[in-house]
Amino acid sequence: MPKRPASPADLPKSVPLFPLSGALLLPFSHRPLNIFEPRYIELVDAALRGDRLVGLIQPEDTSEESPKGRSPLQAIGCLGRLTHFEESGEGRYFIILEGVTRFRLAHELTVMTPYRQGVIAAEDFSTDFTRDFGEDAVNRERFVKMMRDYAEFASIELNWDEIERTGTADLVNFCCMVGPYGPAEKQVLLEAPTLEQRAETLIAMTEYEIARGGSGGAAPLN
């Protein structure tokens, strides 16, 4: 199996693109996906034959989960490494992508494949390759309090012993990925310049949702 890239220099110039609305992937986190569309079955097959890297990126128009054609994409996505796959007898895949690094989409390629491909640049996100980068700046106590408040608000049972053992960066990124927020909010979390800003953004979103009684959606983003 190809090794996990350790720096921007280890990345290919272009990658297959998987446009998916509302699907957030962050470095060192894991995103399970059920693959059933023929174009993405072919994408997974190609990734398995090659370096196992897939660019998960949101479309600008989130009215469709995964739009066809060349509808505009967000400028920033996250590169995932295919670490697990299962094939069903119905021509489907269950896969897990492990986040490697965020990337900037330089431009799309004109290709004959049914799935989209793009040239990427990750130099601006070199710190994404260090798992715990930025942890010291995060107010972990405040972040865990937010988790407790939300767990009580939403009547969710959490494994606090495991949370205590989880590194701060992994904890922040996991909570961002599973948070009940829409595509616009997920994109803001993805693009947060630092881990501390990502944590503070999620805290603000959660406090707003609790304050408004969970009536749906997060704070409006202007």
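The values are calculated or read from the model by the stated rules, or taken from the named source; none is laboratory data. Just so it is clear, the structure is predicted and the values come from calculations on it, not from any experiment. All Cβ positions, even for glycine, are placed from backbone atoms using ideal geometry, and neighbour counts span all protein chains on display. Only protein heavy atoms, including side chains, enter the accessible area calculation; ligands, DNA and RNA are left aside. Shrake-Rupley method; radii C 1.70, N 1.55, O 1.52, S 1.80 Å.
Over 5 Å intervals from 0, what percent of Cα-Cα pairs in the chain sits in each interval? The distribution over the chain is 1, 7, 14, 18, 19, 16, 12, 8, 4, 1, 0, given as percents.
With all protein chains in place and a 1.4 Å probe, the accessible surface of the range 39-151 carries 47 percent carbon and sulfur. Between the range 168-209 and the range 90-136, the C-alpha centres lie 19 angstrom from each other.
Is the range 1-120 best put as rounded, prolate or oblate by its Cα gyration tensor, with a ≥ b ≥ c the root eigenvalues, rounded for a/c under 1.5, and otherwise prolate when a/b is larger than b/c, oblate when not? Present the calculation step by step, with values, prior to reporting the outcome.
On the way: a/c = 1.33, a/b = 1.01, b/c = 1.32.
Since a/c stays below 1.5, the shape of the range 1-120 is classed as rounded.
What trypsin sites (Lys or Arg not before Pro) does the range 1-44 have in DSSP loop regions with at most 15 other beta carbons within 10 Å? Of the trypsin sites (Lys or Arg not before Pro), the ones in loops of the range 1-44 whose Cβ has at most 15 other Cβ atoms within 10 Å are Lys3, Lys13.
Skip the ligands, DNA and RNA, and give the accessible area per residue of the range 99-222 with a 1.4 Å probe, whole Å². Intermediate values should be presented prior to the final figure.
Details: 6800 Å² over 124 residues.
For the range 99-222, the per-residue accessible area is 55 Å².
Which of the three applies to the range 148-207, rounded, prolate or oblate, going by the alpha-carbon gyration tensor with a ≥ b ≥ c and a/c under 1.5 meaning rounded? Cα axes put the range 148-207 in the oblate bin.
Let me check I've understood the local charge: for Tyr115, count other residues with C-beta under 14 angstrom from its C-beta, Lys and Arg +1, Asp and Glu -1. What total comes out? Numbers along the way, then the final one.
On the way: positive: Arg39, Arg49, Lys68, Arg70, Arg116; negative: Glu37, Glu42, Asp45, Glu108.
The answer is +1.
Leu11 sits with roughly 20 Å² accessible to a 1.4 Å probe, with DNA, RNA and ligands left out of the calculation. Cross-link partners for Lys13 among the aspartates and glutamates, with Cα-Cα distance under 14 Å and sequence neighbours closer than 8 places in the same chain left out: Asp51, Glu108, Glu123.
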